[in-house]
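A quick write-up on the structure given underneath.
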């Protein structure tokens, strides 16, 4: 939206207060305001005006505003229209509301026991699988097999096992199923399978060689040094879903106190995936409906083109037949002018008129030879 400058008001403002103050009202710098006044033919106080006024010295009075005879475009400025506020809270999916209500109820708070743990069979299998563990690129031990996905240091292993044991039991109690995925155990919610894991972040620093490695290198012996070394942070995070949904250890609430939030987060991920699939299905149905309508319209067009092509062919055949008949009449008239028609000429005229009748779609006389479908064997 464009707004016209009030030249009289601006003249009064720049002679009532310093340009630096007035410029802030127009969201300009003092130089920018001076240029604007110059374009609008508004005189501004000379240099030193405000210092002289403050010292009580005589200063020039405010001049009168002259009529504007400059570029009319300079009289307007662009003012952005205010953007209406958007809805911050989107409506909650009705399938998610029971989960939210259940997890908010203090009676359903998930608490991790500090001892006396009764291990879930999947967690127990994962715990035993650490006996034959291998290490990832960070040096963190990982269990063999396709059990629960746990990637933490040895110091945090028992804590991670207890957390996953409590969470898995709580998920099963709420009616969610555990299924075997391609790599690890997954949780099925609302028909959507979600990966679930416990992860410990590490700090990466440049590798510091040991004294033995330094000595070996100084002797010219082979010694491999990795570029980096990783230090476990001691802070765990629960990852769920494929979209990077994470619940982390924080100072005021470790992950043990956030397991209800994990369930809610997983439910949100599942519902989000479900809604995405439903939206894709809806779009596919719309696309298929449009495709079928387009195919039907194309079939109608093709039929119309076929009828038109047949009409053009019939018209051309009729024109050819009429051309032949006209030619035969001229040939017959010329022969009669010369005398009587011979048997050979009469035979030819009869044959030619029969071919014209065969060509003419209005007559469509059959022809024993031209109507044959001859198939030549290979």
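The values are calculated or read from the model by the stated rules, or taken from the named source; none is laboratory data. Everything numeric in this text was worked out from a predicted model, so none of it was measured. All Cβ positions, even for glycine, are placed from backbone atoms using ideal geometry, and neighbour counts span all protein chains on display.
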- Residues in region 177-200: is at least one touching a residue at least 60 places away in the same chain (Cβ under 8 Å), surrounded by fewer than 19 Cβ atoms within 10 Å (Cβ to Cβ) and within 24 Å of residue 256 (Cβ to Cβ)? no
- Could you run through region 315-335 and say how many residues are surrounded by 15 or more Cβ atoms within 10 Å (Cβ to Cβ) and under 17 Å from residue 357 (Cα atoms)? 6
- Search region 175-205 for residues being part of a strand (DSSP E or B) and in contact with a helix residue (DSSP H, G or I) (Cβ under 7 Å, 6 or more places away or on another chain), and hand back the single one that is nearest to residue 274 (Cα to Cα). 192
- Query: Among the residues of region 254-275, is any in a strand (DSSP E or B), over 27 Å from the mean Cα position of the chain (by Cα) and either farther than 17 Å from residue 198 by Cα or in the same structural domain as residue 112 (by TED's automatic domain parsing) (or both)?
  - Reply: no
- Query: Given the conditions (1) at pLDDT 85 or above; (2) touching a helix residue (DSSP H, G or I) at 6+ places or on another chain (Cβ under 8 Å); (3) surrounded by 11 or more Cβ atoms within 10 Å (Cβ to Cβ), and given that residue 52 satisfies all but one, which numbered condition is not satisfied?
  - Reply: (2)
- Examine region 212-227 for a residue that is touching a residue at least 60 places away in the same chain (Cβ under 8 Å), touching a helix residue (DSSP H, G or I) at 6+ places or on another chain (Cβ under 8 Å) and assigned by TED's automatic domain parsing to the domain that holds residue 133, and state whether such a residue exists. no
- Item | Members of region 236-277 found to be surrounded by fewer than 17 Cβ atoms within 10 Å (Cβ to Cβ), at positive phi and touching a strand residue (DSSP E or B) at 6+ places or on another chain (Cβ under 8 Å), listed by number | none
